[in-house]
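Structure record follows, encoded as structure tokens.
The values are calculated or read from the model by the stated rules, or taken from the named source; none is laboratory data. All values reported here derive from a predicted model rather than from experimental measurement. No Cβ is skipped: glycine too gets one built from the backbone with ideal geometry, and neighbour counts run over all protein chains shown.
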Amino acid sequence: GDSGEQDPAAATTEVHAVAPAAQGGKPAAGAPKERSNDFFNVGPIYPLDQFLVNLLSETGSRYLKMTINIELSSELLTPEIEQKKPLLRDIVIRILSSKTYEDISTTKGKERLKDEIAAKINETLRDGYIKNVFFTDFIVQ
């Protein structure tokens, strides 16, 4: 047993210790402060319909067309997401339409946008939380 490897039973215990809190129907206030970077254990993905919004600008001539998929903490969150889909779309539209081209044109700006979307959606959820936000289409004109 001293080969330097972790005990598989200990690793399993850690995973199970975290999972019930996410699935226990508690408010999403227990959601992590940052989006998940664990791309080896991606949770259930829920696609949101395409968004087309005007960006905040003096001339009103810029718009953003994008598609978002959200990673859920658990499959148990899917019914709540489906029930609140109009609310979630409203949240995303309000966030997107408050941004300028300069806000979202950089990689860092896109990461901040993902953080903001996840945080605002998580404020409305009680059966789990959003682990991550993925942009599958992102076109600015």
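Restricting to region 68-103, count the residues that are surrounded by 13 or more Cβ atoms within 10 Å (Cβ to Cβ) and either touching a Phe, Trp or Tyr at 6+ places or on another chain (Cβ under 8 Å) or not in a helix (DSSP H, G or I) (or both).
Total meeting the criteria: 17.
Kindly indicate which of Ser73, Ser57 is among the small types (Gly, Ala, Ser) and over 13 Å from Ile130 (Cα atoms). I'd like the intermediate steps shown before the answer.
Values: Ser73 fails: over 13 Å from Ile130 (Cα atoms).
Going through Ser73, Ser57 in turn, the sole match is Ser57.
Could you tell me whether any residue of region 27-49 is modelled with pLDDT of 90 or more and more than 27 Å from Ile104 (Cβ to Cβ)?
no
Before we move on, is Leu55 at pLDDT 95 or above and hydrophobic (A, V, I, L, M, F, W, C)? Working first, answer last.
Working: at pLDDT 95 or above: no; hydrophobic (A, V, I, L, M, F, W, C): yes.
Against the criterion (at pLDDT 95 or above and hydrophobic (A, V, I, L, M, F, W, C)), Leu55 does not qualify.
Mind counting the residues in region 65-108 that are within 21 Å of Asp38 (Cα to Cα), more than 15 Å from the chain's Cα centre (by Cα) and not aliphatic (A, V, I, L, M)? Reasoning before the result, please.
Residues of region 65-108 that are within 21 Å of Asp38 (Cα to Cα), as a first pass: 68-78, 107-108.
Then drop every residue that is not more than 15 Å from the chain's Cα centre (by Cα), which leaves 76, 107-108.
Okay, now just the ones that are also not aliphatic (A, V, I, L, M), so 107-108.
Of the residues in region 65-108, 2 are within 21 Å of Asp38 (Cα to Cα), more than 15 Å from the chain's Cα centre (by Cα) and not aliphatic (A, V, I, L, M).
List every residue pair whose Cβ atoms sit under 7 Å apart, with the two residues 6 or more apart in sequence or on different chains, where the first one lies in region 65-78 and is within 24 Å of Val140 (Cβ to Cβ) and in contact (Cβ under 8 Å) with a residue 40 or more places away in the chain and the second, anywhere, is outside any loop (DSSP other than H, G, I, E, B) and of a type in the set (D, E, K, R).
Listed pairs, sorted by first residue: Lys65/Asp137; Met66/Asp137; Thr67/Asp137; Glu71/Lys131.
Can you confirm whether Ile121 is part of a helix (DSSP H, G or I), over 28 Å from Phe40 (Cβ atoms) and modelled with pLDDT of 95 or more? Full working, then the answer.
Details: part of a helix (DSSP H, G or I): yes; over 28 Å from Phe40 (Cβ atoms): no; modelled with pLDDT of 95 or more: yes.
It is false that Ile121 is part of a helix (DSSP H, G or I), over 28 Å from Phe40 (Cβ atoms) and modelled with pLDDT of 95 or more.
Scan region 113-126 and report the pairs whose first residue is in contact (Cβ under 8 Å) with a residue 60 or more places away in the chain and within 16 Å of Leu77 (Cβ to Cβ) and whose second residue is of a type in the set (A, V, I, L, M, F, W, C) and buried (at least 18 other Cβ atoms within 10 Å of the Cβ), with Cβ atoms within less than 6 Å and a gap of 6+ or a chain change.
Listed by first residue and then by second, the contacts come to Ala118/Ile130; Ala118/Val133; Asn122/Ala28; Asn122/Ala31; Asn122/Ile130; Leu125/Ala28.
Looking only at region 54-67, which residues are surrounded by fewer than 18 Cβ atoms within 10 Å (Cβ to Cβ) and in a strand (DSSP E or B)?
To start, the set of residues in region 54-67 that are surrounded by fewer than 18 Cβ atoms within 10 Å (Cβ to Cβ) comprises 54, 56-63, 65, 67.
If the condition is that a residue be surrounded by fewer than 18 Cβ atoms within 10 Å (Cβ to Cβ) and in a strand (DSSP E or B), then Asn54, Tyr63, Lys65, Thr67 are the ones that fit.
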